[in-house]
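The values are calculated or read from the model by the stated rules, or taken from the named source; none is laboratory data. In this text the structure is predicted, and so the values were computed from the model without any measurement. Cβ placement follows ideal geometry from the backbone for every residue including glycine, while neighbour counts extend to all protein chains displayed. Side chains included, ligands, DNA and RNA excluded: accessible areas come from the protein's heavy atoms. Shrake-Rupley method; radii C 1.70, N 1.55, O 1.52, S 1.80 Å.
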Amino acid sequence: MNDFVYYTPTKVVFGKNSEQQLGALVKEFGGHKVLLHYGGGSARKSGLLERIEKTLKAEGIAYVELGGVVPNPRLSLVREGIELCKKEGVDFLLAVGGGSVIDSCKAIGYGVYGGGDVWDFYDFKRVPQGCLPIGAVLTIAAAGSEMSDSSVITNDEKENWEKRGCNNNHCRVKFAVMNPELTMTLPAYQTACGCADILMHTMERYFNHGDNMELTDGIAEALMRTVLHNAKILVKKPDDYDARAEVMWAGSLSHNGLTGCGTDGGDWSTHKLEHEIGAMFDIAHGAGLTAIWGSWARYVCDARLERFVKFAVNVMGVEPQTDAKQTAIKGIEAMENFYREIGMPTSLSELGITPTDAQIEAMADQCVASTRDNLGKVRHLAKEDMITIYQAAK
Ligand code: NZQ
Ligand code: ZN
């Protein structure tokens, strides 16, 4: 087992009506003036924002609002948020939404704390030294940003948009309010995208080159089986509370570091390849992942066959074949069948995009730049490998 640091400072308040504790939670973590940050309308429509405003008022906490965060959250709105916070003297950020809103809050927090150009933190020019405190009310189980150290922002100010992540413990959310009932208003497609992303956060860590990770593997496999099982329930019964709850908790544990303890850090190729698709075509993150994963898996599986076999047998329930490669391929096919079952694409054309050769080359160039040519633990991917995978995913 490799050495590791496991750091999860987020207070999780989980369950029905948990959002009613919001005002008290903001107070507990020292907030006096809050930026209420949210997305394109779902939180207003469901009445959630109104309930939140009420609890803040009840605790005498002042707030200003900034809505309009879109999936693949934009740098331009982050800048607006930074200016608003400075002007209004905001000392606490409250994200109401999913990964996009939480990530936008994290970027605003970095920008207010660090001054200067916030994009520097996403462009490897500066490392954040702090962040405004953040609380989250999660409305979609997916990105895991409520417990992760990561923030992913899309730079919409450049001619060719860039989607970049910044990983740093300073942005860890102080508290996350998770009421599974809040996710029941999600469109089926977003629920499925979320389940795909949750699975992938553990799959990225599971496909690695480490050894002796019995406990971590066991936790990872249980988490993946749980999501596979409950995602299928949610296709038929979107208002099943227990299935919503299992998926929501899995979403946080999948990306808070737990399923990577003692590994070599995991592969992350599918994520990085997807981020470039997201930057160029502005698609839903989870769907981008499922469109590319099978092509990646087939391309690299020989480099770590035993792990693909373990995944096939322990996670996907494949009967071991005499030929290990055959078992591995059956595992990959089983996962792709699952994606189809929940309505997720398994190719770029199913995702609704047809990138040209020039666009594929541009995505590969960006991917090399954003990973500083250091992508892939199962197998290192150079630019030509990335192009082959994108082409195979067409
Ligand atoms: O904007 P609204 O109207 O709220 O609609 C959202 C949005 O259109 C909708 N939605 C959310 N909760 C809802 C709801 N609709 C109805 N009822 C509800 N309860 O769902 C749509 C997607 O929301 P978004 O926040 O974009 O989803 P997600 O949580 O998947 O976040 C995606 C972003 O997170 C990044 C992705 O790259 C992408 O930019 N990621 C962040 C990570 C992190 N910070 O750790 C890790 C991930 O790997 C990922 O890269
Ligand atoms: Zn993800």
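Of all residues in the stretch 271-301, those satisfying the criterion of being away from ligand 2 (no atom under 14 Å from the Cβ) and either surrounded by fewer than 21 Cβ atoms within 10 Å (Cβ to Cβ) or polar (S, T, N, Q) (or both) are M280, F281, D282, G294, S295, R298, Y299. Evaluating L375 against the criteria (1) closer than 21 Å to W268 by Cβ; (2) without any contact (Cβ under 8 Å) to a residue 60 or more places away in the chain leaves one unmet condition, (2). Among the residues of the stretch 169-199, just one is surrounded by fewer than 24 Cβ atoms within 10 Å (Cβ to Cβ), under 19 Å from G265 (Cα atoms) and within 11 Å of ligand 1 (Cβ to nearest atom), namely R172. Take the conditions over 19 Å from the mean Cα position of the chain (by Cα) and either within 30 Å of A231 (Cβ to Cβ) or within 16 Å of ligand 2 (Cβ to nearest atom) (or both) and apply them to G67. Does it pass? So G67 fits the description; yes. Out of G111, G130, G67, G99, one residue alone is within 30 Å of G288 (Cα to Cα) and touching a helix residue (DSSP H, G or I) at 6+ places or on another chain (Cβ under 6 Å). It is G111.
Give the residues of the stretch 230-270 that are closer than 24 Å to T388 by Cβ and open to solvent by less than 10 Å² (accessible area, probe 1.4 Å), sorted by residue number. Hits for the stretch 230-270 are G266, D267, S269, T270. Looking at the stretch 317-340, is at least one residue farther than 27 Å from Y189 by Cα, more than 21 Å from the chain's Cα centre (by Cα) and of a type in the set (D, E)? The answer is yes; a qualifying residue exists. Summed over the stretch 119-155, residues that are within 7 Å of ligand 1 (Cβ to nearest atom), within 15 Å of R79 (Cα to Cα) and surrounded by fewer than 24 Cβ atoms within 10 Å (Cβ to Cβ) total 0.
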